Amino acid sequence: MKKQAIVEKILGARLHQSPAVQTVSVFSPVNIALIKYWGKRDVELNLPVTNSFSLALPTWGAHTTMTVSEQDELILNGKIIEQESDFYQRASLFLNLFRKPAVLPLKIEIKMNVPVGAGLASSAAGFSSLLLALNELFSWNLTRKELSILSRLGSGSASRSLWMGFVEWRAGVQADGMDSYAEPISGYWEDLCVGLHIVNASEKKLSSREAMQRTVDGSVLYGAWPKKVAHDLTMIKQAMQMKSFSLFGGIAESNALTMHATMLSAWPPVCYFDPETIASMKKVWALREQGMSIFFTQDAGPNLKLLFLNQDAEVIQKEFPGLIVIKPFDY
Ligand code: PMV
């Protein structure tokens, strides 16, 4: 198994250490991709076709407590997760990569303050928090780069959830993915706001994993995606340095729409739009026509993340009742 080989390469003899403490608590933020990760060059190792670029949402994410116990138990927002569920299976396969030689029973309590599985990056925060917790429990002292590589084995976007602020995940070229990890990108934008516009908080029926593969395998538009990402990455970093919000927001929105266009052209088609998603997009476009600087991005779910500046926050909140306004650099 390729994943196990990477874990052994990074942890070496530390993989056989006993826990240094009995319980730990950690936090990992969700990260919103502004330039998306869509498509893998290695499905098992979650190695991406392109770089991606994200912004962390401080205080929004996974608060995870891990305790050495008698038996495995996974509790999400106070609810015991059944062993047969997808989430339990994914989490337990991930944890088993790190519990050697015998599986150490763990009680894991995750408190997630964003809806789970609704395209709001809950898996990124969840998997990176599991790894942060293991790192502390066993006192491995992993570097951020190593944490990023290992979090990626749980969920690709988790590789970006180890920092606040802007982050770039570099795709790398090596077959084992040792050069595929994220790094913080310096840039502080005090009045930048992200609004979580939740049109449907229920769990999506089609995982991003399945949707991504269907797109790579069957979308005639996918060939254009790497070029689009390379262009958008250069532009969004320039926009960020210049603090040109209209350029910044426009690139993010165009990148998200192009990603969804590649999904629509897959067969069977992949569509994460609900009627309310489209209605909200049209509202954003109408507000822009009226002179408001507002943009959106959307991931593998029907919810939108709105991008705007603090000066417009009050008006935008009235336009989108229930909007959760987050200031990514105010923490
Ligand atoms: O990390 P995954 O497998 O949940 O995929 C995430 C994919 C997107 O959220 C749509 C894009 C991204 O870069 O986060």
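Out of residues 5 or more away from Leu34 or on other chains, whose amide H comes under 5 Å of its own, with H placed 1.01 Å from N in the peptide plane?
Answer set, sorted by chain and number: Phe53, Ser54, Leu55.
Calculate the FRET efficiency for Glu73 and Gln213 from the Cβ-Cβ distance with a Förster distance of 25 Å, rounded to the nearest 0.05. Walk me through the numbers before you get to the answer.
On the way: r = 31 Å, r/R0 = 1.25.
So, using R0 = 25 Å, E works out to roughly 0.20.
Could you state the angle between the C-alpha long axis of helix 245-264 and the longest principal axis of the C-alpha atoms of the chain, as a value from 0 to 90 degrees rounded to the nearest 10?
Here the helix axis deviates by roughly 70 degrees.
Build a GNM of the chain with springs between Cα atoms under 10 Å: which of Leu304, Leu11, Leu55 gets the top mean-square fluctuation?
Comparing Leu304, Leu11, Leu55 in a Gaussian network model of the chain, the most mobile one is Leu11.
Anyone know which of Ala313, Ala125, Ala286 comes out most mobile in the 10 Å Cα GNM of the chain?
Taking springs between Cα atoms under 10 Å, the residue moving most is Ala286.
Could you sort out which of Lys36/Lys111; Lys36/Lys228; Lys2/Lys204 sit more than 18 Å apart by Cα distance in this structure?
Details: Lys36/Lys111 26 Å; Lys36/Lys228 10 Å; Lys2/Lys204 29 Å.
Table pairs above 18 Å Cα-Cα are Lys36/Lys111; Lys2/Lys204.
Looking at the stretch 233-331, how many pairs of lysines come closer than 21 Å at the Cα, when each pair is eight or more places apart or spans two chains?
11
For Lys3, give me every one of the aspartates and glutamates with a C-alpha distance below 14 angstrom, ignoring sequence neighbours fewer than eight places off in its own chain.
Once the sequence-local aspartates and glutamates are set aside, what remains near Lys3 is Asp42, Glu44, Glu146, Asp176.
For Cα pairs less than 8 Å apart in space and 6+ apart in sequence, what is the mean separation divided by the residue count of the stretch 97-198, i.e. the relative contact order in percent?
Values: 111 pairs, mean separation 19.2, N = 102.
Once normalised by length, the contact order is 19 percent.
For Lys9, give me every one of the lysines with a C-alpha distance below 16 angstrom, ignoring sequence neighbours fewer than eight places off in its own chain.
Lys100, Lys145
How much accessible area per residue does the stretch 217-331 have, counting only protein heavy atoms and a probe of 1.4 Å, in square angstrom? Don't jump to the answer; show the numbers that get you there.
Numbers: 5360 Å² over 115 residues.
Normalised by residue count, the accessible surface of the stretch 217-331 is 47 Å².
If the only charges are +1 at each Lys and Arg Cβ and -1 at each Asp and Glu Cβ, what is the size of the charge dipole of the chain around the Cα centre, to the nearest 20 debye?
Details: 32 positive and 31 negative charges, 118 e Å.
The dipole of the chain has a size of about 560 debye.
Computing the accessible area with a 1.4 Å probe over protein heavy atoms, can you report the carbon and sulfur percentage for the chain?
Numbers: 7580 of 13970 Å².
C and S atoms contribute 54 percent here.
How far apart, in nm, are two points set 7 Å out from the Cα along the Cα-to-Cβ line at Glu183 and at Val315?
Result: 3.9 nm between the two label points.
The values are calculated or read from the model by the stated rules, or taken from the named source; none is laboratory data. Note that the structure is predicted; figures quoted are calculated from it, not measured. Because the Cβ atoms are built from the backbone with ideal geometry, glycine has one as well, and the counts that use them run over all protein chains shown. Just so you know, the surface numbers come from the protein's heavy atoms only, side chains and all, with ligands and any DNA or RNA stripped out. Shrake-Rupley method; radii C 1.70, N 1.55, O 1.52, S 1.80 Å.
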